[in-house]
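A.B. asks: Quick one: the structure is below, questions incoming.
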Amino acid sequence: MAASDHVPPRILIADDQTNVIEALRLLLKSEGYITEAAKSPAAALKAAEAHDYALAFIDLNYARDTTRAQEGLDLLAKLQALDATLPGGSSSATPSPPTVASNRRTNCSAEKTAPTFIA
């Protein structure tokens with residue numbers, strides 16, 4: 001493959017908040033990555049069935065009344081069941097010690113507190 005044929009890595013951004021998706025998209029685009037967004041766990045799974053990703057960056061909470069991170073951790077487990085080599089990163093406005101421990105148990109390789117990177 002020639003250098004001009006290089007295909008940038010594709011990253012899945014799964015978050016229900018458009019501003020988070022857009023912030024990550026802009027950041028990653030400036031670094032040369034291709035991004036695809038999914039606004040729900042179901043949409044993220046559908047995308048992962050259709051494409052290969054170098055990384056899945058996922059929100060931990062989708063329902064407005066939850067902060068336990070179980071939705072995001074369940075999504076990560078399902079994504080990794082589709083592709084055991086897929087690294088995951090997570091984002092949450094309300095990280096907690098149990099969430100961080102769960103991330104580590106599910107092979108989540110990065111954590112980010114959401115408001116720290118949104119202008």
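The values are calculated or read from the model by the stated rules, or taken from the named source; none is laboratory data. Remember, predicted model here, so these are calculated numbers, not experimental data. Glycine gets a Cβ as well: all are built from the backbone with ideal geometry, and neighbour counts include every protein chain shown.
A.B. asks: From 19, 61, which residue is modelled with pLDDT under 95, outside any loop (DSSP other than H, G, I, E, B) and of a type in the set (S, T, N, Q)?
C.D. replies: Exactly one of 19, 61 is modelled with pLDDT under 95, outside any loop (DSSP other than H, G, I, E, B) and of a type in the set (S, T, N, Q), namely 19.
A.B. asks: Next up: Kindly indicate the residue of segment 22-71 that is among the β-branched types (Val, Ile, Thr) and out of contact with any Leu (no Cβ under 7 Å at 6 or more places or on another chain) and also nearest to residue 12 (Cα to Cα) among those meeting that condition.
C.D. replies: Applying the filter and picking the extreme gives 34.
A.B. asks: If the requirement is being touching a residue at least 24 places away in the same chain (Cβ under 8 Å), touching a Pro at 6+ places or on another chain (Cβ under 7 Å) and of a type outside the set (S, T, N, Q), which of these qualifies: 55, 60?
C.D. replies: Result: 55 is the single residue among 55, 60 that is touching a residue at least 24 places away in the same chain (Cβ under 8 Å), touching a Pro at 6+ places or on another chain (Cβ under 7 Å) and of a type outside the set (S, T, N, Q).
A.B. asks: Got at least one residue in segment 28-44 being loosely packed, with under 12 Cβ neighbours inside 10 Å, among the aliphatic types (A, V, I, L, M) and more than 19 Å from residue 75 (Cα to Cα)?
C.D. replies: The answer is no, given that none of the residues of segment 28-44 is loosely packed, with under 12 Cβ neighbours inside 10 Å, among the aliphatic types (A, V, I, L, M) and more than 19 Å from residue 75 (Cα to Cα).
A.B. asks: Same structure, new question: Taking segment 80-101, which residues are modelled with pLDDT under 75, in a loop (DSSP other than H, G, I, E, B) and not β-branched (Val, Ile, Thr)?
C.D. replies: 93, 95, 96
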